[in-house]
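Enquirer: Can you keep this structure in mind? I'll have questions shortly.
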Amino acid sequence: MSDAATPSPYAAERRFAIEAVVSAAQLTKAVRDDFDPEAEAVSKADSSPVTVADLGAQALVSMALAEVLPDDPMMGEEDFGQLAESPELAESVLQRVRAQRPEVTLDQVREALDRCDDPAGPGRRWWTLDPVDGTKGFLRNEQYAIALALVEDGEVVVAAMGCPNLPYCGEPGDPNVGGPIGVLFIAERGAGTRMMPLFEADADRAGEPVHAAAPASTAEARYAESVEAAHSNQSEAARIGAALGITAEPVRLDSQTKYAMVARGDASIYLRVPRGDYRENIWDHAAGMLVVSEAGGRVSDVEGKPFDITTGQRMTGNRGAVVTAASIHDEVVAVVRSVLEG
């Protein structure tokens, strides 16, 4: 492929996705660079954290979508509720958004956040956004992602995922990493997955192709797993790893950045082993699933079923996630089912 983006039916959507994610990443990085947790973070009703970065990033993406693709709805994780309850937080979000849109008003921020509803369903076209996937990673100044995906007729067709703290070459925490910090992954249905430096991203450039690993056996595979034990049943994951013969230490990081690690071959397996009857949120997986599948990997739930993203914000027909190199997917699913049913 030439350095210019290959013409596609989704050229306008690809450009919007890249520019929107870069804009959101710039806001989140600016917040993180001088972050004040006392003034810029609160807890939601479910006790999960939300920050000025989450709300400001979603507002920016929503505003851009309304301008560029005004007929497209969006399902986002956040809403204006947190700002309505805290004038101080609202003012902080407004000032962060004004760094890129100086004339914006608080009413416009409210409108941008409130236009994010639940448009999912078969036969529809819509976007889904997690403005800061891995908020606890963001709070620790570790890994998080801005994850944006376009869904048409129940399929993810365009995905952009920005990972502001991921090294362009090498793994997080490796003192010998090369290249810039911050990676943008862009995927289109049938056109592969590519990456480029996040804070130098240009929608007119194609980027560098990435490919999932192809381990000869599961024993050669490496896990990517969550830092937060609450996000996946790690004791069951350890049993699954032992059954697969995996001996390498897992790489632990937050957010859909784990999908990125599988997509570019830094890991070969990422599992979300379900706890109880929990069902996954669409925005936690939509962008990552296309980034991995277009890089040559495979994604399913723990029973081997493809994700059904037509059921609203939660994938009620699926449990957990199995994200792997293609060559080992069936074996991993079989072992996961055996361990969970045993």
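The values are calculated or read from the model by the stated rules, or taken from the named source; none is laboratory data. Remember, it's a predicted structure, so these values are computed and weren't measured experimentally. Methodologically, a virtual Cβ is constructed for each residue, glycine included, from the backbone with ideal geometry; neighbour enumeration extends over all protein chains shown. Keep in mind that these areas ignore ligands, DNA and RNA; they rest on the heavy atoms of the full protein, side chains included. Shrake-Rupley method; radii C 1.70, N 1.55, O 1.52, S 1.80 Å.
Enquirer: Picking from Val332, Gly297, Gly320, whose Cα lies most toward the positive end of the charge dipole for the stretch 294-342 (charges on Cβ: Lys, Arg +1; Asp, Glu -1)?
Expert: Of the listed residues, the answer is Gly320.
Enquirer: For the stretch 144-216 and the stretch 81-98, write down the distance between their C-alpha centroids in whole Å.
Expert: One Cα centre to the other: 30 Å.
Enquirer: Using Cα springs under 10 Å in a Gaussian network model of the chain, which residue among Leu166, Leu55, Leu139 shows the largest mean-square fluctuation?
Expert: So, out of Leu166, Leu55, Leu139, the one fluctuating most is Leu139.
Enquirer: Above 21 angstrom, tally the Cα pairs of the stretch 4-96 and express them as a % of all pairs, no decimals. Numbers along the way, then the final one.
Expert: Values: 1650 of 4278 pairs.
Tail of the P(r) past 21 Å holds 39 percent of the pairs.
Enquirer: Return the subset of Lys136/Lys305; Lys136/Lys258; Lys44/Lys305 for which the Cα-Cα distance in this structure is over 20 Å, preserving the input order.
Expert: On the way: Lys136/Lys305 29 Å; Lys136/Lys258 15 Å; Lys44/Lys305 32 Å.
In this structure, Lys136/Lys305; Lys44/Lys305 exceed 20 Å between Cα atoms.
Enquirer: Where the eigenvalues come from the Cα gyration tensor of the stretch 195-342, what are the semi-axes √(5λ) of the equivalent ellipsoid, largest first, in whole Å? Please list the in-between numbers first.
Expert: Working: eigenvalues 115, 71, 37 Å².
Gyration-tensor ellipsoid for the stretch 195-342: 24, 19, 14 Å.
Enquirer: Related question: Among Trp127, Ser226, Leu106, which residue has its Cα furthest toward the positive end of the charge dipole of the chain, with +1 on Lys/Arg Cβ and -1 on Asp/Glu Cβ?
Expert: Ser226
Enquirer: Which residue, Val273, Val109, Val42, tops the fluctuation ranking in a GNM of the chain built on C-alpha contacts under 10 Å?
Expert: Val42
Enquirer: Keeping all protein chains in place, calculate the accessible area per residue for the chain (probe 1.4 angstrom), answer in Å². List each step's numbers first, then the result.
Expert: Details: 13620 Å² over 342 residues.
I get 40 Å² per residue for the chain.
Enquirer: Pop out the Kirkwood hydrodynamic radius of the chain from its pairwise C-alpha distances, inverse of mean 1/r, in Å to one decimal. Intermediate results must be reported in sequence, preceding the final value.
Expert: Numbers: mean 1/r = 0.0501 Å⁻¹.
That comes to 20.0 Å for the chain.
Enquirer: What's the carbon and sulfur percent of the chain's accessible surface, probe 1.4 angstrom, rounded to a whole number? Working shown, then result.
Expert: Working: 6430 of 13620 Å².
The C+S portion of the solvent-accessible surface of the chain is 47 percent.
Enquirer: About its Cα centre, how strong a charge dipole does the chain have in debye, to the nearest 20, once Lys and Arg get +1 and Asp and Glu get -1 at the Cβ? The partial results should precede the final answer.
Expert: Details: 30 positive and 55 negative charges, 156 e Å.
Magnitude of the dipole: close to 760 debye.
Enquirer: How much mean residue ellipticity at 222 nm does the chain get from its helices, if each DSSP H run of length 4 or more adds -39500 (n - 2.57) and you divide by all residues, to the nearest 500 deg cm²/dmol?
Expert: Numbers: 11 runs with 113 residues, N = 342.
Rounded to the nearest 500, the figure is -10000 deg cm²/dmol.
Enquirer: Can you give the log10 of the normalised intensity I(q)/I(0) at q = 0.12, 0.15, 0.24, 0.26 Å⁻¹, computed with Debye over equal Cα scatterers of the stretch 61-132?
Expert: Here the Debye-derived log intensity ratios amount to -0.34, -0.52, -1.15, -1.28.
Enquirer: With +1 on each Lys and Arg Cβ and -1 on each Asp and Glu Cβ, how big is the dipole of the stretch 167-300 about its Cα centre, in debye rounded to the nearest 20?
Expert: Working: 12 positive and 18 negative charges, 75 e Å.
Using only the charged Cβ atoms, the result is roughly 360 debye.
Enquirer: On a full-extension model of 0.36 nm per residue, what is the gain between Ala39 and Arg15, subtracting their alpha-carbon distance, rounded to one decimal in nm? Working shown, then result.
Expert: Working: separation 24, 0.36 × 24 = 8.64 nm, distance 3.39 nm.
The span from Ala39 to Arg15 would gain 5.2 nm if fully extended.
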